[in-house]
Amino acid sequence: MSVAAAAHRGTIFLEQAAVLSHQAWAGGQYVLRLQAPKCAAVATPGSFIHVQCGPGLPLRRPLSIMRAAAAAGWIEILYKTVGHGLAELARREPGESLSCLGPIGQGFVAHSARPRMLLIGGGVGIPPLVFLAETLAAKRGTGCRPLLLMGSELPFPFAVKRSAIAVHGIPAGATAGMPLLDACGIPSRLASLAGFPGCHRGYVTELAEAWLAGLAAAERAEVEIFACGPEPMLRAVTALARRHELPCQVSLEEYMACAVGGCAGCTVLVQTPDGPAMKRVCVDGPVFDAATVFTD
């Protein structure tokens, strides 16, 4: 048994999770809230659940946790209906229950030495960054200053509004943000090639580059980057971090069968102090040091 797998013993729970709400958004996107108190109590940003999508479907689907309320006992996930399993999940209604295994995985780790935290999410990679932003909002007294940048070619799965929080260095036309984060005092900005109002017309990494360029050298030295999204975006974020000599954590997305380290079907090549090694995204990740995964 690996150290990562052993560390998870007693922290992954199997629950019959009641569907509390299930909201549809444009582009086949859904936000699902589940009553899963054991999972909610110990979930961390970057962790995920392995959920049964419906009756008669033996294979579960791994889905990132977007929000968790330990006191109320619920978790939220955002997903897009790609494939038969998630299309079946979209049929679930409040009052039904789903078998839920979680939370699983090694999540993001924020470091106090890098209080300027740049969070970058793309598409269905947005959820763990929302979770991280909300978690950091509860630590505002520690001096952390997170900024969440999100990119999507589909309409965003929330009611986009003009942000009331100014962000230095961001292009003037990029004014839209996520209301949930505005209410938490966390600035956010959106990017899309689709031309949505208030969004930067371009890639989310362009927003990140503009913000970093607007920082003084001493301020830039306080930045750490956290990202989740499609591989091309993660490679671009890693290159951005490398140019500015910044630490960067990335959450990877891989197909999974068991999601608890047994099948080794989700392995990726990672550079370690002992040389190249195949690591399982489910239990050794999904969060890794970007420089150890994207080396070119």
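Using only Cα atoms, figure out Rg for segment 107-190 and give it as a multiple of 2.2 N^0.38 Å.
Working: Rg = 12.3 Å, N = 84, 2.2 N^0.38 = 11.8 Å.
Ratio of Cα Rg to 2.2 N^0.38 Å: 1.04.
Order of 111, 22 from fewest to most other C-beta atoms within 10 Å? Numbers along the way, then the final one.
Working: 111 11, 22 17.
Fewest-to-most ranking of 111, 22: 111, 22.
Label points 7 Å out from Cα along the Cβ direction at residue 220 and residue 16: separation in nm?
Computed distance between label sites residue 220 and residue 16 equals 5.7 nm.
Under the 0.36 nm per residue contour assumption, what length would be gained going from the current alpha-carbon distance of residue 272 and residue 201 to full extension? Each step should come with its number before you reach the end.
Numbers: separation 71, 0.36 × 71 = 25.56 nm, distance 3.78 nm.
Full-extension gain reported as 21.8 nm.
Output wanted: per-residue J couplings in Hz (rounded whole) for segment 21-31, from phi through Karplus 6.51 cos²θ - 1.76 cosθ + 1.60, θ = phi - 60°, x for Gly and Pro.
7, 8, 10, 8, 10, 4, x, x, 9, 9, 10
Return a whole-number percent for the relative contact order of the chain, with Cα pairs under 8 Å and 6 or more residues apart as the contact set. Spell out each step's value before the answer.
On the way: 683 pairs, mean separation 50.2, N = 296.
Rounded, it is 17 percent for the chain.
Can you tell me the equivalent ellipsoid semi-axes for segment 3-104? Use √(5λ) from the Cα gyration tensor, largest first, whole Å.
For segment 3-104, the semi-axes come out at 21, 15, 13 Å.
Assuming 0.36 nm per residue, please report the length gained on full extension of the stretch residue 57 to residue 24 beyond their Cα-Cα distance. Show your work: numbers first, answer last.
Details: separation 33, 0.36 × 33 = 11.88 nm, distance 2.17 nm.
In short, 9.7 nm is gained.
Would you order 74, 25, 211 from fewest to most other beta-carbon atoms within 10 Å of each residue's own beta-carbon? Spell out each step's value before the answer.
Numbers: 74 20, 25 16, 211 23.
The fewest-first ordering by Cβ neighbours comes to 25, 74, 211.
Highest mean first, how do 215-223, 81-89 rank when packing is the count of other Cβ atoms within 10 Å averaged over residues?
Order by mean packing, descending: 81-89, 215-223.
So for 13, 48, fewest C-beta neighbours within 10 Å to most, what's the order? Each step should come with its number before you reach the end.
Numbers: 13 18, 48 27.
Fewest-to-most Cβ neighbours within 10 Å comes out as 13, 48.
Read-outs throughout are calculated quantities, based only on the coordinates presented, and are distinct from any laboratory measurement. Given the structure is predicted, the values throughout are model-derived calculations rather than measurements. Reconstructed Cβ throughout: ideal geometry from the backbone, glycine too, with neighbour counts over all protein chains shown.
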